[in-house]
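Asks: One structure follows; several queries about it will come next.
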Amino acid sequence: MSSPIGEIDLHAYVDGQLDAARRAEVEAYVAAHSEAASTVHALRLQNLALHRHYDGVLNEPVPLRLTHALRPWHRPRAMAAGLVWLACGLAAGWFARAWMSAPVGPTVFAQKALAAHVLYVAEKRHPVEVPGAQEAHLVAWLSKRLDAPIRAPDLQQQGFSLLGGRLLPGDENAPLAQLMYEAASGERLTLTVKHAPRSQPETGFKLLERDGNSVFYWIDRDYGYALSGNIGKQRMLAVAHAIDAQLRR
């Protein structure tokens, strides 16, 4: 009988350290438990943050002075160097923790929305937690978790169908909702929604671009929206206008 699935298994799953059988068990567990799915998502975002900020350092050649420190007659120095690298690792961990718990202001919200978009649009088997065929259940579930009614805009005229959605970690007490749309050609967009009553002034569309992906984000009354994709800025903006027009009705 397999052992219960705990946090260690979720970490190992995200890091790709499980064998095929255990990985299948964890995937089934994550698919059935939204809290575990949120934990997996948070861990993946943490890994992305660490890679984004520290891969440049990790890929640098080892300084000559540290190479010398590895010689037997320099073992005290080697131990000191090890402690330095351990401290760097701890600092990286604390940085990622702070990044994950930072207040979701408009720009940070857009960055998180784009990171989640990149993470999940590449998924073939599990791009969403709840499929679009269960739209009523999806909207009701996300509305309950955000503690505010949300809607899934109809983007058929823009060439996109609702693929489904999932819950994302946001602020400490304010999760985010992600709705994913797909075109017949396979192109995907995600609309990330946050409920932030009276916390931010309303804004027009703002644009953030990174690695070929774009996100248009805006604040409308008690909600924040972020539309992410890589279908071209003009087309993205047209879809953002269509979404905004529907949600203002």
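Asks: Where a Cα-Cα gap under 23 Å defines reach, which lysines qualify for K124, not counting those fewer than 8 residues away within the same chain?
Replies: K112
Asks: Any chance you could check the Cα centroid distance between the stretch 210-249 and the stretch 133-167 for me, in angstrom?
Replies: Between the Cα centre of the stretch 210-249 and that of the stretch 133-167, the gap is 15 Å.
Asks: With an 8 Å cut-off on Cα pairs and a minimum separation of 6 or more residues, tell me the relative contact order of the stretch 173-249 in percent.
Replies: 24 percent
Asks: Please give me the summed charge of the neighbours of L176: other residues whose Cβ is under 10 Å from its Cβ, Lys and Arg +1, Asp and Glu -1.
Replies: +3
Asks: Can you tell me the length gained on complete extension of the stretch D19 to E209, counting 0.36 nm per residue apart and subtracting the Cα distance?
Replies: Taking D19 through E209 to full extension adds about 64.7 nm, to one decimal.
Asks: If you stretched the chain out fully between T107 and H241, how much longer would it get, using 0.36 nm times the residue separation minus the C-alpha to C-alpha distance?
Replies: 46.3 nm
Asks: Moving to a separate point now. Estimate the FRET efficiency between H137 and R249 by the formula 1/(1 + (r/R0)^6), using the beta-carbon distance for r and 25 Å for R0, to the nearest 0.05.
Replies: Numbers: r = 23 Å, r/R0 = 0.91.
After rounding to 0.05, the efficiency reads 0.65.
Asks: Give the carbon-plus-sulfur fraction of the accessible surface of the stretch 141-229 in %, rounded to a whole number; probe 1.4 Å, heavy atoms of protein chains only.
Replies: Accessible surface attributable to carbon and sulfur in the stretch 141-229 totals 44 percent.
Asks: Separate question: Using the Cβ atoms and a cut-off under 12 Å, what net charge is assigned to the surroundings of L142, where Lys and Arg are +1 and Asp and Glu are -1?
Replies: +2
Asks: Give the accessible surface of the stretch 145-249 per residue, rounded to a whole number of Å², with probe radius 1.4 Å and ligands, DNA and RNA excluded. Intermediate results must be reported in sequence, preceding the final value.
Replies: Details: 4940 Å² over 105 residues.
Computed with neighbouring chains in place, this is 47 Å² per residue.
Asks: What FRET efficiency do you get for K124 and R221 if R0 is 51 Å and r is their Cβ-Cβ distance, rounded to the nearest 0.05?
Replies: For K124 and R221, the calculated efficiency is 0.90.
Asks: Kindly write out, for the stretch 220-232 in residue order, the coupling ³J(HN,Hα) from the Karplus curve 6.51 cos²θ - 1.76 cosθ + 1.60 (θ = phi - 60°), rounded to whole Hz, with x marking Gly and Pro.
Replies: Computed from phi, the couplings for the stretch 220-232 are 10, 6, 8, 10, x, 10, 9, 9, 10, x, 9, 9, x Hz.
The values are calculated or read from the model by the stated rules, or taken from the named source; none is laboratory data. In this text the structure is predicted, and so the values were computed from the model without any measurement. When we count neighbours, we look across all protein chains shown, and the Cβ atoms used for this are built from the backbone with ideal geometry, even at glycine. All accessible areas refer to the heavy atoms of the entire protein, side chains included, with ligands and DNA or RNA removed. Shrake-Rupley method; radii C 1.70, N 1.55, O 1.52, S 1.80 Å.
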